[in-house]
Structure formats: structure tokens, C-alpha cells
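Only one structure is covered here, and it is reproduced in the block below.
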Amino acid sequence: MQRHPLFTAIPLGLFAAATSSAALAEASPLEQQLKDLESFQVIAHRGASGHAPESTLASYEQAYEWGVDYLELDVQITSDGQLVVFHDDAIDRTSDGEGKINDHTLEELKALDTGTWFNEAYPDNADPAFEGTEILTLDELFEHFGHDTRYYIETKSPQLNPGLEEALVEALEAHDMIDTGRVLVQSFEQDSLLKVHELNENIPLIQLVWYHPDEEDNTQLKEWTDVTPAPDDITDEDFKAIAEYAVGIGTNHMYEQQVVIDEAFIRQAQENGLPVHIYTVNEPEEMERLMDWGVNGLFTDYPDRLLELID
């Protein structure tokens with residue numbers, strides 16, 4: 001497997017990139033985006049989803065106004081081939097509809113209310129303006145914010161969304177999000193990332209991993225899709241294999257009350273060319289601890305809390 005084309009002259013990815021002021025001055029927008037990944041990134045998880053209905057324009061507008069580095073979102077594809085910003089495979093939790101999202105047309109999904117559930121679930125943050133909120137399409141999100149922010153997009157449940165990667169790459173190209181350094185594409189599914197890479201090798205990719213106790217032996221950890229061994233068994237070669245196609249790694253640090261990675265894991269990933277982003281961290285004490293560990297970014301539902309810590 002060949003290294004990401006942006007790294008062909010940059011051994012081990014981001015951390016060996018040119019650091020002189022002259023090199024920075026000559027960097028393209030895409031190269032600058034990759035360089036920026038070495039710094040700390042505030043990633044608004046489904047927008048400011050602790051304050052407004054997740055994956056809605058209201059949630060993203062709040063995060064944007066606070067000045068986050070990335071708006072994080074999941075994309076899925078409707079039965080009539082339209083890309084929508086939505087996390088769950090089913091629409092029941094965050095709308096007044098029922099069934100799987102990809103069994104519905106965009107017109108059917110647009111008729112749903114994706115805001116009232118939030119007012120009912122989080123009365124302290126309820127706002128009558130959220131009632132009747134429509135599901136958001138990827139085109140609408142791009143047209144609203146344009147190139148004024150960056151987007152951290154997950155190919156969600158690709159096995160349930162055939163054609164998702166092709167449709168996403170087409171949209172990114174149509175909105176000129178790649179060469180302008182506006183987008184990262186993330187996935188737990190390595191095959192989905194490799195498909196995106198085949199479609200456009202310049203799209204920066206983030207390999208998501210999730211560590212949890214092994215069902216057969218709960219004293220041992222495993223990675224959900226077997227992209228890596230357990231954290232205690234992971235090697236430099238395992239990280240380097242990911243760095244062949246990805247520019248970073250996104251991981252949980254806890255499973256329920258159990259810590260699943262440590263500072264050494266983060267350092268080892270970084271030393272092998274992979275900045276580390278941790279999801280989803282909402283308590284300031286945890287944010288501070290992970291920043292002390294040297295993580296390169298945090299996904300959070302409360303970007304305001306994180307921004308207060310780094311200001």
C-alpha cells in the first residue's frame with residue numbers, strides 16, 4: 001500500500017512536515033490543514049449538541065459562532081440517493097418518525113420534526129425555536145457555512161448506505177472542500193476509508209477505533225472492527241499501517257468506567273505519524289486530563305466548555 005500522496009516526501013506523516021516559516025508560507029490550503037492537525041483541535045460533536053438538537057443547523061450555528069476548529073457530522077444516504085446529516089441508523093430517537101433512515105426519501109425525511117425531542121429530553125436547554133426543525137442535507141450545510149469552517153465527516157454505517165462514499169466524494173468535489181483544506185473524512189470501517197481514498201487520494205482520512213472488553217474474555221480489550229490489536233498489544237507497525245492511508249486516529253479513552261488507552265498510546269501513535277483525537281469528552285476535568293496527555297483534539301458536545309479551558 002502506498003503512503004498518502006501528501007506525505008510522499010514527508011516521512012511518517014504530519015510530525016515530520018516542514019516547520020520553517022518559509023515552508024509554511026508556501027503551504028497550500030490542504031497542506032496547511034494537515035499542519036494544523038499537529039495543534040490542538042476543538043471538534044464540535046454533531047455541532048454544539050449539548051445545547052441544541054444534534055446534527056441540526058441550530059447546533060452547528062452555535063458551534064460555529066463559538067469558533068470551533070471542526071463541525072463534526074455523520075452522513076447517510078436516503079432511498080433516493082440524497083446525503084443527509086444524521087447519526088442514528090433509525091430515525092426514532094431524534095425525530096417524530098419511525099424506521100431506518102435509508103428506507104425513506106428526502107421528501108419524507110424533510111416532513112419530520114427533528115427538534116422537539118430535544119426540548120423534551122433536555123428541558124433546561126429547551127427552545128421553542130427548535131420545534132419543527134427539518135433534517136439537514138449535506139448540501140445545505142455546505143451552502144450555509146461554505147469555506148468559513150472545516151468539516152469532520154463520518155461515513156456512517158456504510159454497509160447500510162450503499163453508494164455513500166461515491167456520493168460523498170462527489171459532494172466534496174462539487175463544493176471544492178478538498179483542495180481548500182476544509183474537510184476530514186472519518187470512519188470506523190477501514191474499507192470505507194480505502195474506498196474514499198480510491199475515489200480521491202487527496203482527501204485526508206481519520207481512522208476511528210473503539211476499544212472495549214472482549215465478549216469472550218472481559219479481562220482483555222479488543223478493537224471493534226479489528227483494525228488494531230488491543231492497546232496493550234499495539235505495535236509501531238500497527239500504527240504505521242494506519243498511517244499508510246490516514247492522517248490521524250480517533251479513539252475512545254473510556255469504556256463505561258474503564259480506561260482503555262493511556263498517555264503512552266497517544267505518544268506512540270504520534271511518533272508513528274498519527275495525531276490523536278478523543279471522543280466524546282464533555283466534562284472539564286476529563287478534558288484537562290487528556291490535554292495534559294498531549295492529545296491533538298477532542299470531540300465534545302459542549303465546545304464552549306473546552307474553549308474556556310484553552311483560551
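No lab work stands behind these numbers, since they all come straight from the coordinates. Computed from a predicted structure; not experimentally measured. Neighbour counts are summed over all protein chains in view; Cβ atoms, including those assigned to glycine, are modelled from backbone coordinates with ideal geometry.
Rounded, prolate or oblate: which fits the chain, taking a ≥ b ≥ c as square roots of the Cα gyration tensor eigenvalues, rounded meaning a/c under 1.5, else prolate when a/b beats b/c? Judged from the Cα gyration tensor, the chain comes out rounded (a/c under 1.5).
Contact order normalised by length for the chain, with contacts defined as Cα pairs under 8 Å and 6 or more residues apart; what percent is it? Please report the intermediate quantities before stating the final value.
Details: 604 pairs, mean separation 62.3, N = 311.
It rounds to 20 percent for the chain.
The helix-only estimate of mean residue ellipticity at 222 nm for the chain, built from DSSP H runs of length n ≥ 4 each weighted as -39500 (n - 2.57), is -8500 deg cm²/dmol after division by the residue total. If you find the alpha carbon centre of segment 93-162 and of segment 201-240, how far apart are they in angstrom? What the calculation gives is 30 Å, centre to centre.
The overall shape of segment 211-292 is oblate: from the C-alpha gyration tensor, with semi-axes ordered a ≥ b ≥ c, the ratio a/c is 1.5 or greater and a/b is no larger than b/c. Indicate the gyration tensor shape class of segment 43-140 (rounded, prolate or oblate), computed on the Cα atoms with a ≥ b ≥ c the square roots of the eigenvalues: a/c under 1.5 is rounded; otherwise a/b larger than b/c is prolate and the rest oblate. Cα axes put segment 43-140 in the oblate bin.
Remark: for residue pairs Lys35/Lys222; Lys110/Lys195; Lys100/Lys195, the C-alpha separation exceeds 26 Å in Lys35/Lys222; Lys110/Lys195.
Spin-label model, Glu61/Glu120: points 7 Å from Cα along the beta carbon direction are separated by 2.4 nm.
Remark: spin-label model distance Asp236-Glu134 equals 5.4 nm, labels positioned 7 Å along the Cα→Cβ axis. When the chain is treated as a GNM with alpha-carbon contacts under 10 Å, the residue of Leu205, Leu193, Leu30 showing the greatest mean-square fluctuation is Leu30.
When the Cα positions of Leu208, Leu106, Gln220 are compared along the charge dipole of the chain, Leu208 comes out farthest toward the positive end, with charges on each C-beta of Lys, Arg, Asp and Glu. Rounded to the nearest whole Hz, the Karplus-based 3J(HN,Hα) values (6.51 cos²θ - 1.76 cosθ + 1.60, θ = phi - 60°) of segment 57-71 follow the sequence 4, 4, 5, 6, 4, 5, 5, 4, 5, 6, x, 5, 7, 9, 8, with x at glycine and proline.
Can you give me the orientation-averaged projected area of the convex hull built on the Cα atoms of segment 108-197, in nm²? All intermediate terms of the calculation are to be shown ahead of the outcome.
Numbers: hull surface 29.9 nm².
Mean projected area for segment 108-197: 7.5 nm², to one decimal.
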